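> Dumping the structure here so I can ask a few things about it.
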Amino acid sequence: MAEGEKCVLCNGPVAYKYAAMKEWNIKGVLCSKCYSKKIFEHYPGEHVRVNLDKE
Ligand SMILES: [Zn+2]
């Protein structure tokens, strides 16, 4: 295999390359797992709407 790209976060093999957003200050590519993790960290609630009210 010619591609030896690794995820900059988990160092795992990257099947599909995800480019990190500029504001994340990450250089390199992410795997899908870390990408969605980052998305959730930086934009919580934007993609998932969960009502966590416990009142
Ligand atoms: Zn990863």
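None of the figures in this text is laboratory data; all of them are computed from the coordinates on show. The structure presented is a predicted model; accordingly, all values stated were derived computationally and were not measured. Every residue, glycine among them, receives a Cβ derived from its backbone with ideal geometry; neighbour counts consider all protein chains shown.
> With +1 on each Lys and Arg Cβ and -1 on each Asp and Glu Cβ, and nothing else charged, work out how big the dipole of segment 1-49 is about its Cα centre, in Debye to the nearest 20. Could you put the intermediate results ahead of the total?
Numbers: 8 positive and 5 negative charges, 11 e Å.
Once rounded to the nearest 20, the dipole reads 60 debye.
> I need the trypsin sites (Lys or Arg not before Pro) found in segment 1-40, filtered to DSSP loop residues with at most 16 other beta carbons within 10 Å of theirs.
Numbers: sites: LYS6, LYS17, LYS22, LYS27, LYS33, LYS37, LYS38; in loops: LYS17, LYS27.
Here the trypsin sites (Lys or Arg not before Pro) that fit, given the DSSP loop and packing criteria, are LYS17, LYS27.
> Normalized C-alpha radius of gyration of segment 1-49, against 2.2 N^0.38 Å? Before the final figure, lay out each step's value.
On the way: Rg = 11.5 Å, N = 49, 2.2 N^0.38 = 9.7 Å.
Cα-based Rg divided by the globular estimate yields 1.19.
> In addition: All other residues with a Cβ under 14 Å from the Cβ of ASN25 taken together, and with Lys, Arg as +1 and Asp, Glu as -1, what is their net charge? Before the final figure, lay out the partial values.
Values: positive: LYS22, LYS27, LYS38; negative: GLU23, GLU41.
Net charge around ASN25: +1.
> What does the net charge come to around LEU9 if you take all other residues with beta carbon closer than 15 Å to its beta carbon, with K and R at +1 and D and E at -1? Spell out each step's value before the answer.
On the way: positive: LYS6, LYS17, LYS27, LYS33, LYS37, LYS38; negative: GLU5, GLU41.
Cβ neighbours under 15 Å give a net charge of +4.
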